[in-house]
1. Of all residues in the range 20-29, count the ones that are within 11 Å of Gly84 (Cα to Cα) and open to solvent by less than 30 Å² (accessible area, probe 1.4 Å).
2. Name the residues in the range 25-47 that are touching a Leu at 6+ places or on another chain (Cβ under 8 Å) and among the polar types (S, T, N, Q), would you?
3. Filter the range 1-40 for residues that are assigned to a strand (DSSP E or B) and not hydroxyl-bearing (Ser, Thr, Tyr) and give the result.
4. Quick one: would you say Trp95 is within 18 Å of Glu26 (Cβ to Cβ) and open to solvent by 100 Å² or more (accessible area, probe 1.4 Å)?
5. So which of Leu98, Leu53 is assigned to a helix (DSSP H, G or I) and over 19 Å from Met10 (Cβ atoms)?
6. Residues being open to solvent by less than 70 Å² (accessible area, probe 1.4 Å), within 10 Å of Tyr29 (Cβ to Cβ) and either of a type outside the set (Val, Ile, Thr) or in a helix (DSSP H, G or I) (or both): count how many of those fall in the range 60-84.
7. Is there any pair with a first residue in the range 13-29 that is hydroxyl-bearing (Ser, Thr, Tyr) and a second that is part of a helix (DSSP H, G or I) and open to solvent by 30 Å² or more (accessible area, probe 1.4 Å) whose Cβ atoms are under 9 Å apart and which are 6 or more apart or on different chains, and what are they?
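The values are calculated or read from the model by the stated rules, or taken from the named source; none is laboratory data. What you see is a predicted model, and the numbers here were worked out from it, not measured in a lab. Virtual Cβ from ideal backbone geometry, glycine too; neighbours counted across all protein chains shown. All accessible areas refer to the heavy atoms of the entire protein, side chains included, with ligands and DNA or RNA removed. Shrake-Rupley method; radii C 1.70, N 1.55, O 1.52, S 1.80 Å.
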Amino acid sequence: MNAENVKSQMRKGILEYCILLILKEEQAYTSDIIRKLHEAKLIVVEGTLYPLLTRLKNSGLLSYNWIESTQGPPRKYYQLTEEGMKFLVELENSWEELNNTIQHIRNN
């Protein structure tokens, strides 16, 4: 078994959750989301992020606004919808349960 494959699958599994957490506080431009993920050591490229943001938007979890930029064309800023906030609460509860399970197993 390849540990890198497992780690990659784990990262993919939490990427949506991390994006929703970033957008929980404020709306963000795609490059801002990528920067915050990189700061957290979760490396993601635009080619991965754009389809995921579109899928989250099409699922009703995100919406976006076009905001004028002083450095070029208008930028698309994403934010959580009310449905997205509810979904995030569910994910946070699931994460807490998983974390508790792992801690229990580690400590036994």
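1. Result for the range 20-29: 2.
2. Correct list: Thr30 only.
3. Ala28
4. Judged against the criteria, Trp95 is not a match.
5. So the residue among Leu98, Leu53 that is assigned to a helix (DSSP H, G or I) and over 19 Å from Met10 (Cβ atoms) is Leu53.
6. Residues in the range 60-84 being open to solvent by less than 70 Å² (accessible area, probe 1.4 Å), within 10 Å of Tyr29 (Cβ to Cβ) and either of a type outside the set (Val, Ile, Thr) or in a helix (DSSP H, G or I) (or both): 5 in total.
7. Matching pairs, first to second residue: Tyr17/Leu91; Tyr17/Glu92; Tyr17/Ser94; Tyr17/Trp95.
Yes/no per residue for (1) in contact with a strand residue (DSSP E or B) (Cβ under 6 Å, 6 or more places away or on another chain); (2) in contact (Cβ under 8 Å) with a residue 24 or more places away in the chain; (3) of a type outside the set (Asp, Glu):
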{"position": "Ser31", "(1), (2), (3)": "no, no, yes"}
{"position": "Tyr50", "(1), (2), (3)": "no, no, yes"}
{"position": "Ser69", "(1), (2), (3)": "yes, no, yes"}
{"position": "Gly84", "(1), (2), (3)": "yes, yes, yes"}
{"position": "Glu96", "(1), (2), (3)": "no, no, no"}
{"position": "Ile102", "(1), (2), (3)": "no, no, yes"}
